[in-house]
1. Relative contact order (percent) for the range 24-174, with alpha-carbon contacts under 8 angstrom and 6 or more residues of separation?
2. How high is the relative contact order of the range 155-272, in percent, with contacts defined as C-alpha pairs under 8 Å that are six or more residues apart?
3. Which peptide among 211-221, 269-279 comes first, and what is the full order, when sorted by highest mean count of other Cβ atoms within 10 Å?
4. Considering only DSSP beta bridges where both residues belong to the chain, give the percentage that are antiparallel (nearest 5).
5. Taking 0.36 nm per residue of sequence separation and subtracting the Cα-Cα distance, how much length would be gained by fully extending the chain between Asp311 and Arg47, in nm to one decimal?
6. Could you give me the percent of Cα pairs per 10 Å distance bin for the range 198-324, shortest bin first, beginning at zero and ending with the bin that holds the maximum distance?
7. Roughly speaking, what % of Cα-Cα pairs in the chain are separated by over 25 Å, rounded to a whole number?
8. Between Thr31 and Glu123, what is 0.36 nm times their sequence separation minus the Cα-Cα distance? Round to one decimal in nm.
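The values are calculated or read from the model by the stated rules, or taken from the named source; none is laboratory data. Please read all numbers here as calculations on a predicted model, not as lab measurements. We place every Cβ from the backbone using ideal geometry, glycine too, and count neighbours over all the protein chains shown. The protein model used for the area step is the full one, side chains on, heavy atoms only, and it has no ligands, DNA or RNA in it. Shrake-Rupley method; radii C 1.70, N 1.55, O 1.52, S 1.80 Å.
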Amino acid sequence: MGVALSLLFLAGCSSASSEQAESERASDTRTVQDYFGTVEVPAEPARVVAADPISLALMLSLESKPVAASFNPLALPAHVDERIGDIENIAGEGGGFDPNVEAILAQDPDLIVVVAGYDGEGEKAWNKEIYDKLAASGVPTYGFAYNDGVSLEDVSHGVASLGDVLGKQDVATDLMQGLTDRMAALKQRVADAGLADKPVSAVRLSERGEYSIRVGTGESIAFRGLGMAQSEGQQDPSLFRIDITDETLNMLASADTLFVYTDEGAGAERDAISTAPLWATLPAVQQNRVHWVSASVWNSSDPIGLGKIVDDIETMFVEPAEQS
């Protein structure tokens with residue numbers, strides 16, 4: 001009888017211990033709303049994978065370092081590259097937006113974060129296929145919306161979403177408040193200097209003479225946020241970019257000022273576009289208002305990158321007007 005009572009006691013303890021362990025496990029997670037629905041995520045994620053270059057840049061801007069990320073090392077903004085350290089690159093054959101699931105699992109992650117799409121796309125979100133593949137891995141996967149070429153408010157919303165799932169809400173709030181306040185102050189200086197009605201264009205030069213006007217990217221977020229006019233036909237961010245060639249450079253004729261940058265490895269394109277016959281006819285060129293800026297700064301849309309774009313606009317565009 002004593003043995004039987006002991007066994008019953010042990011069984012009861014075992015059951016209680018099991019229930020306690022299960023309760024503790026449940027308390028270590030929380031349910032959040034991501035792009036497509038509810039998802040169970042760690043309450044305090046410790047081994048996070050950033051499944052695309054945007055998520056990587058945003059995590060680093062929130063002072064949260066992932067154990068691995070999917071990115072193209074040749075296309076990282078300088079401020080991201082200098083923070084990359086020993087982060088494992090788990091990009092697949094398709095590049096930064098095609099993460100390798102096996103390489104992710106080898107990192108023993110407790111959370112994957114990934115840009116799922118733009119606001120309002122629903123099941124047609126542009127990165128849904130990758131999101132589904134990651135979610136099927138069994139690792140908690142959090143997809144969030146990031147409108148990286150529309151407005152500062154949209155950037156703030158994406159940063160807040162990521163800050164929430166990472167437990168970095170305060171960092172996200174302070175980061176965006178600082179950027180918002182700074183841009184508001186500079187916007188007033190743009191107006192006071194009489195620059196608000198002087199149209200600007202941003203141009204990207206890629207290899208093989210592939211040129212484009214940027215209208216739905218980080219540069220245009222900065223322009224709109226600072227109250228800077230964009231040239232006619234270049235104001236709709238849904239266009240993302242407008243491709244141009246040597247023969248269609250006159251599309252830049254309405255720009256009072258140009259900001260131009262060349263991709264890594266495409267340095268020869270600066271000479272090529274500068275010697276094109278139509279280049280010399282552009283008012284911005286004739287008035288010496290072409291600013292050659294760094295691709296490693298301007299080809300970004302995270303809060304740190306936007307701040308550096310604003311730095312260039314302040315020193316190259318605003319300050320000279322204030323001093324004249």
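1. 24 percent
2. 28 percent
3. 211-221, 269-279
4. DSSP beta bridges in the chain are roughly 40 percent antiparallel.
5. My answer for the length gained is 91.7 nm.
6. Distribution as computed: 13, 49, 34, 4 percent.
7. 56 percent
8. Gain on extension, Thr31 to Glu123, equals 31.1 nm.
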